[in-house]
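One structure below.
The values are calculated or read from the model by the stated rules, or taken from the named source; none is laboratory data. Predicted model only: the values in this text are computed from it and were never measured. Please note: Cβ atoms are built from the backbone with ideal geometry, for glycine as well, and neighbour counts cover all protein chains shown. For the accessible areas, the whole protein counts, side chains as well, though only heavy atoms, and no ligand, DNA or RNA atoms are used. Shrake-Rupley method; radii C 1.70, N 1.55, O 1.52, S 1.80 Å.
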Amino acid sequence: MHRSSHDYTHLIGRWRVLASSLGLRLSLIAKVDGYPIYCVKSARLRSAPGVYLSAGIHGDEPASTEGLLAWAEGNPVCLREMPFLIFPCLNPWGLVRNKRSDASGNDVNRTFQGDEHPTSAAVRRVAEAHRLAAAMLLHEDYDAHGIYLYEQRQPSLFGELILQAAETFIPRDTRTRVDGRKAREGILRPRLSAKLFEKGGCPEAVWLHLRGCRRTVTFETPSEMSLEARTLAQVAAIERLVDLQRQGADEG
Ligand SMILES: [Zn+2]
(Lines give C-alpha, C1' and ligand atoms only; values in the text may rest on other atoms or scores of the structure.)
Protein backbone atom coordinates (compact mmCIF):
# COMPACT_ATOMS: atom_id res chain seq x y z
CA MET A 1 0.00 0.00 0.00
CA HIS A 2 1.19 3.44 -0.96
CA ARG A 3 1.71 5.12 2.41
CA SER A 4 1.24 8.80 1.70
CA SER A 5 -1.97 8.22 -0.30
CA HIS A 6 -3.44 6.76 2.92
CA ASP A 7 -2.23 9.61 5.12
CA TYR A 8 -5.44 11.51 5.91
CA THR A 9 -3.73 14.25 7.93
CA HIS A 10 -1.44 14.97 4.99
CA LEU A 11 -4.36 14.94 2.53
CA ILE A 12 -6.42 17.39 4.58
CA GLY A 13 -3.36 19.53 5.24
CA ARG A 14 -2.93 19.98 1.49
CA TRP A 15 -6.63 20.77 1.07
CA ARG A 16 -6.36 23.34 3.85
CA VAL A 17 -3.40 25.07 2.16
CA LEU A 18 -5.19 25.08 -1.19
CA ALA A 19 -8.48 26.33 0.26
CA SER A 20 -6.86 29.17 2.16
CA SER A 21 -4.81 30.24 -0.89
CA LEU A 22 -8.10 30.54 -2.80
CA GLY A 23 -10.04 32.19 0.00
CA LEU A 24 -12.29 29.11 0.37
CA ARG A 25 -13.28 27.41 3.59
CA LEU A 26 -12.65 23.83 4.50
CA SER A 27 -15.73 23.20 6.67
CA LEU A 28 -16.06 20.43 9.21
CA ILE A 29 -19.34 18.59 8.53
CA ALA A 30 -19.07 15.62 10.91
CA LYS A 31 -16.76 13.61 13.10
CA VAL A 32 -17.04 9.90 12.33
CA ASP A 33 -15.03 7.01 13.81
CA GLY A 34 -12.72 9.56 15.39
CA TYR A 35 -11.94 11.47 12.17
CA PRO A 36 -13.12 14.90 11.03
CA ILE A 37 -14.91 14.96 7.67
CA TYR A 38 -14.85 18.12 5.55
CA CYS A 39 -16.44 19.83 2.61
CA VAL A 40 -15.21 22.68 0.42
CA LYS A 41 -17.66 25.10 -1.19
CA SER A 42 -16.66 27.57 -3.85
CA ALA A 43 -18.06 31.09 -3.60
CA ARG A 44 -20.08 30.73 -6.82
CA LEU A 45 -22.13 27.92 -5.27
CA ARG A 46 -24.34 30.57 -3.66
CA SER A 47 -25.58 31.84 -7.02
CA ALA A 48 -25.54 28.89 -9.42
CA PRO A 49 -26.27 25.13 -9.51
CA GLY A 50 -23.12 23.38 -8.41
CA VAL A 51 -20.86 20.57 -9.52
CA TYR A 52 -20.68 17.99 -6.73
CA LEU A 53 -17.42 16.04 -6.45
CA SER A 54 -16.71 13.38 -3.86
CA ALA A 55 -13.96 10.86 -3.15
CA GLY A 56 -12.80 8.30 -0.62
CA ILE A 57 -16.18 6.94 0.46
CA HIS A 58 -14.40 3.57 0.12
CA GLY A 59 -11.09 3.75 1.96
CA ASP A 60 -9.27 1.28 -0.29
CA GLU A 61 -9.64 3.51 -3.35
CA PRO A 62 -6.85 6.07 -2.82
CA ALA A 63 -6.59 7.29 -6.44
CA SER A 64 -10.01 8.88 -5.88
CA THR A 65 -8.84 11.13 -3.03
CA GLU A 66 -5.44 11.77 -4.68
CA GLY A 67 -7.07 12.53 -8.03
CA LEU A 68 -9.60 14.96 -6.58
CA LEU A 69 -6.89 16.88 -4.71
CA ALA A 70 -4.54 16.87 -7.73
CA TRP A 71 -7.36 18.19 -9.93
CA ALA A 72 -8.14 20.95 -7.42
CA GLU A 73 -4.48 21.94 -7.07
CA GLY A 74 -4.15 22.11 -10.85
CA ASN A 75 -7.30 24.17 -11.44
CA PRO A 76 -7.36 27.11 -9.02
CA VAL A 77 -9.00 29.51 -11.50
CA CYS A 78 -11.76 27.04 -12.20
CA LEU A 79 -12.34 26.55 -8.47
CA ARG A 80 -12.69 30.26 -8.06
CA GLU A 81 -14.99 30.85 -11.00
CA MET A 82 -17.33 27.85 -11.02
CA PRO A 83 -19.79 26.59 -8.39
CA PHE A 84 -18.46 23.50 -6.59
CA LEU A 85 -19.45 21.39 -3.64
CA ILE A 86 -16.52 19.12 -2.85
CA PHE A 87 -16.10 16.29 -0.35
CA PRO A 88 -12.35 15.47 -0.29
CA CYS A 89 -12.70 12.17 1.63
CA LEU A 90 -15.88 10.62 3.03
CA ASN A 91 -14.32 7.66 4.83
CA PRO A 92 -11.06 8.71 6.50
CA TRP A 93 -11.13 5.75 8.93
CA GLY A 94 -11.12 3.43 5.91
CA LEU A 95 -8.53 5.45 3.98
CA VAL A 96 -6.02 5.27 6.82
CA ARG A 97 -6.52 1.49 7.08
CA ASN A 98 -6.94 0.75 3.37
CA LYS A 99 -10.44 -0.60 4.06
CA ARG A 100 -13.61 -0.26 2.03
CA SER A 101 -15.94 -0.02 5.03
CA ASP A 102 -16.21 2.25 8.06
CA ALA A 103 -15.17 1.16 11.59
CA SER A 104 -18.45 -0.73 12.12
CA GLY A 105 -18.12 -2.63 8.85
CA ASN A 106 -20.74 -0.54 7.02
CA ASP A 107 -20.41 0.35 3.37
CA VAL A 108 -21.00 4.10 3.69
CA ASN A 109 -22.02 4.14 0.02
CA ARG A 110 -25.13 2.12 0.90
CA THR A 111 -26.43 4.44 3.60
CA PHE A 112 -27.93 7.39 1.69
CA GLN A 113 -31.53 6.19 2.07
CA GLY A 114 -31.88 7.92 5.45
CA ASP A 115 -30.09 9.75 8.22
CA GLU A 116 -28.92 6.70 10.22
CA HIS A 117 -25.27 7.01 9.21
CA PRO A 118 -23.49 10.15 10.45
CA THR A 119 -21.47 10.60 7.24
CA SER A 120 -24.29 10.35 4.72
CA ALA A 121 -26.58 12.32 7.06
CA ALA A 122 -24.05 15.17 7.08
CA VAL A 123 -23.54 15.03 3.31
CA ARG A 124 -27.31 15.04 2.73
CA ARG A 125 -27.73 18.01 5.03
CA VAL A 126 -25.01 20.01 3.24
CA ALA A 127 -26.05 19.01 -0.29
CA GLU A 128 -29.75 19.64 0.29
CA ALA A 129 -29.02 23.33 0.84
CA HIS A 130 -27.77 23.69 -2.76
CA ARG A 131 -28.97 23.22 -6.30
CA LEU A 132 -26.78 20.76 -8.17
CA ALA A 133 -26.20 20.57 -11.92
CA ALA A 134 -23.90 17.55 -12.00
CA ALA A 135 -22.10 15.13 -9.74
CA MET A 136 -19.05 12.95 -10.11
CA LEU A 137 -18.40 10.22 -7.56
CA LEU A 138 -14.85 8.92 -7.65
CA HIS A 139 -14.16 5.23 -7.08
CA GLU A 140 -11.81 2.35 -7.82
CA ASP A 141 -12.47 -1.32 -8.49
CA TYR A 142 -10.20 -4.31 -7.80
CA ASP A 143 -11.87 -6.44 -10.45
CA ALA A 144 -11.80 -3.85 -13.21
CA HIS A 145 -9.77 -4.44 -16.37
CA GLY A 146 -9.68 -0.73 -17.17
CA ILE A 147 -11.57 2.49 -16.52
CA TYR A 148 -15.37 2.51 -16.66
CA LEU A 149 -18.26 4.60 -15.40
CA TYR A 150 -21.90 4.58 -14.44
CA GLU A 151 -23.98 7.49 -15.63
CA GLN A 152 -27.53 8.62 -15.07
CA ARG A 153 -29.60 10.85 -17.34
CA GLN A 154 -28.49 11.69 -20.77
CA PRO A 155 -27.01 13.32 -22.84
CA SER A 156 -25.38 10.01 -23.38
CA LEU A 157 -22.32 11.63 -24.98
CA PHE A 158 -21.18 12.69 -21.58
CA GLY A 159 -19.84 9.35 -20.37
CA GLU A 160 -18.16 8.60 -23.69
CA LEU A 161 -16.31 11.95 -23.66
CA ILE A 162 -15.17 11.43 -20.08
CA LEU A 163 -13.76 8.00 -20.90
CA GLN A 164 -12.04 9.37 -24.00
CA ALA A 165 -10.27 11.95 -21.85
CA ALA A 166 -9.22 9.45 -19.18
CA GLU A 167 -8.15 6.63 -21.49
CA THR A 168 -5.06 8.64 -22.38
CA PHE A 169 -3.76 7.17 -19.11
CA ILE A 170 -5.63 3.88 -18.68
CA PRO A 171 -7.54 1.97 -21.37
CA ARG A 172 -11.21 1.38 -20.81
CA ASP A 173 -12.75 -1.82 -19.50
CA THR A 174 -14.40 -3.45 -22.51
CA ARG A 175 -16.17 -6.31 -20.73
CA THR A 176 -19.85 -6.64 -21.65
CA ARG A 177 -20.77 -7.32 -18.03
CA VAL A 178 -19.30 -5.34 -15.14
CA ASP A 179 -20.29 -5.97 -11.53
CA GLY A 180 -23.20 -8.12 -12.77
CA ARG A 181 -24.58 -5.36 -14.98
CA LYS A 182 -24.66 -4.85 -18.72
CA ALA A 183 -21.84 -2.63 -19.91
CA ARG A 184 -20.96 -1.19 -23.30
CA GLU A 185 -17.48 0.11 -24.03
CA GLY A 186 -16.96 0.97 -20.38
CA ILE A 187 -20.32 2.65 -19.85
CA LEU A 188 -23.10 1.38 -17.56
CA ARG A 189 -26.51 3.02 -17.44
CA PRO A 190 -28.59 0.95 -15.04
CA ARG A 191 -32.23 1.91 -14.66
CA LEU A 192 -32.78 3.18 -11.15
CA SER A 193 -35.66 3.48 -8.75
CA ALA A 194 -35.82 4.27 -5.06
CA LYS A 195 -37.47 0.89 -4.47
CA LEU A 196 -34.47 -0.97 -5.82
CA PHE A 197 -32.35 0.29 -2.95
CA GLU A 198 -34.73 -0.08 -0.03
CA LYS A 199 -33.17 -3.39 0.97
CA GLY A 200 -29.53 -3.08 -0.14
CA GLY A 201 -29.07 0.55 0.87
CA CYS A 202 -28.85 3.61 -1.34
CA PRO A 203 -25.54 4.70 -2.96
CA GLU A 204 -24.51 8.37 -3.02
CA ALA A 205 -24.98 8.59 -6.82
CA VAL A 206 -28.49 7.16 -6.67
CA TRP A 207 -29.52 9.54 -3.91
CA LEU A 208 -28.23 12.49 -5.95
CA HIS A 209 -30.04 11.22 -9.04
CA LEU A 210 -33.33 10.68 -7.23
CA ARG A 211 -33.21 14.12 -5.65
CA GLY A 212 -32.92 15.71 -9.08
CA CYS A 213 -29.24 16.19 -9.86
CA ARG A 214 -29.36 16.33 -13.66
CA ARG A 215 -26.23 14.30 -14.27
CA THR A 216 -24.46 11.83 -12.06
CA VAL A 217 -21.31 9.98 -13.08
CA THR A 218 -19.60 7.31 -10.99
CA PHE A 219 -16.06 6.99 -12.32
CA GLU A 220 -13.92 3.91 -11.61
CA THR A 221 -10.23 3.19 -12.07
CA PRO A 222 -8.76 -0.34 -11.81
CA SER A 223 -6.98 -0.49 -8.45
CA GLU A 224 -4.41 -3.05 -9.61
CA MET A 225 -2.73 -0.55 -11.92
CA SER A 226 -0.14 2.04 -10.83
CA LEU A 227 -1.35 4.75 -8.47
CA GLU A 228 0.19 7.39 -10.70
CA ALA A 229 -1.74 6.33 -13.81
CA ARG A 230 -4.95 5.93 -11.80
CA THR A 231 -4.57 9.39 -10.30
CA LEU A 232 -3.96 10.92 -13.74
CA ALA A 233 -7.03 9.12 -15.11
CA GLN A 234 -9.13 10.46 -12.21
CA VAL A 235 -7.88 14.01 -12.85
CA ALA A 236 -8.64 13.72 -16.57
CA ALA A 237 -12.17 12.48 -15.86
CA ILE A 238 -12.92 15.35 -13.47
CA GLU A 239 -11.42 17.90 -15.87
CA ARG A 240 -13.58 16.65 -18.73
CA LEU A 241 -16.76 16.69 -16.66
CA VAL A 242 -16.03 20.20 -15.46
CA ASP A 243 -15.28 21.38 -19.02
CA LEU A 244 -18.52 19.91 -20.29
CA GLN A 245 -20.44 21.58 -17.47
CA ARG A 246 -18.81 24.90 -18.24
CA GLN A 247 -19.66 24.64 -21.94
CA GLY A 248 -23.23 23.65 -21.15
CA ALA A 249 -23.67 26.19 -18.40
CA ASP A 250 -26.36 28.09 -20.30
CA GLU A 251 -28.44 25.07 -21.32
CA GLY A 252 -30.68 25.55 -18.28
ZN1 LIG B 1 -15.86 2.42 -4.45
(request) Assign unit charges at the C-beta atoms only (+1 for Lys and Arg, -1 for Asp and Glu), then state the dipole size of the chain relative to its Cα centre in Debye, rounded to the nearest 20. (result) 720
(message) So, taking all protein chains as they sit and a 1.4 Å probe, how much accessible area belongs to Lys99, in Å² rounded to tens?
(response) 100
(request) Read phi for every residue in the stretch 195-208 and hand back ³J(HN,Hα) as whole Hz from Karplus 6.51 cos²θ - 1.76 cosθ + 1.60, θ = phi - 60°, with x for Gly and Pro. (result) 4, 3, 10, 4, 7, x, x, 9, x, 3, 4, 5, 4, 4
(request) Enumerate the amide H contacts of Val32 below 5 Å, restricted to partners 5 or more residues apart or on another chain; note that Pro and chain-start residues carry no placed amide H. (result) Ile37
(request) Show Glu160, Glu73 ordered by accessible area, largest first, where the area counts protein heavy atoms only and the probe is 1.4 Å. (result) Glu73, Glu160
(message) Skipping prolines and chain starts, which residues have an amide H placed within reach, meaning under 5 Å, of the one on Ile147, given they are 5 or more residues away or on another chain?
(response) Arg172, Asp173
(message) Projecting each Cα onto the charge dipole of the stretch 4-247 (Lys/Arg +1, Asp/Glu -1 at the beta carbon, about the Cα centre), which of Gly67, Pro88, Tyr8 comes out farthest on the positive side?
(response) Pro88
(request) Provide the solvent-accessible area of Phe197, counting protein heavy atoms only and rolling a 1.4 Å probe, rounded to the nearest 10 Å². (result) 30
(message) Not counting ligands, DNA or RNA, and with a 1.4 Å probe, what is His10's accessible surface area in Å² rounded to the nearest 10?
(response) 90
(request) Using a cut-off of 13 Å between beta-carbons, work out the net charge of the residues near Arg240 (Lys and Arg +1, Asp and Glu -1, Arg240 not included). (result) -3
(message) Placing unit charges on C-beta atoms (Lys and Arg positive, Asp and Glu negative, everything else neutral), compute the dipole magnitude of the stretch 133-235 about its Cα centre in debye, rounded to 20.
(response) 680
(request) Please sort 15-24, 107-116 by packing, taking for each peptide the average over its residues of neighbouring beta carbons within 10 angstrom, highest first. (result) 107-116, 15-24
(request) May I have the pair-distance distribution P(r) for the chain, computed from all Cα-Cα distances with 10 Å bins from 0 and rounded to whole percent? (result) 7, 34, 41, 17, 1
(request) Using a 1.4 angstrom probe on the protein heavy atoms only, line up Ser120, Ser4 by accessible area, largest first. (result) Ser4, Ser120
(message) Pairs of alpha-carbon atoms within less than 8 angstrom and 6+ residues apart define the contacts here; what relative contact order does the chain have, in percent?
(response) 22
(message) From the phi angles alone, apply the Karplus equation (6.51, -1.76, 1.60; θ = phi - 60°) to the stretch 71-81 and give each ³J(HN,Hα) in whole Hz, x where the residue is Gly or Pro.
(response) 4, 4, 5, x, 9, x, 5, 4, 4, 6, 8
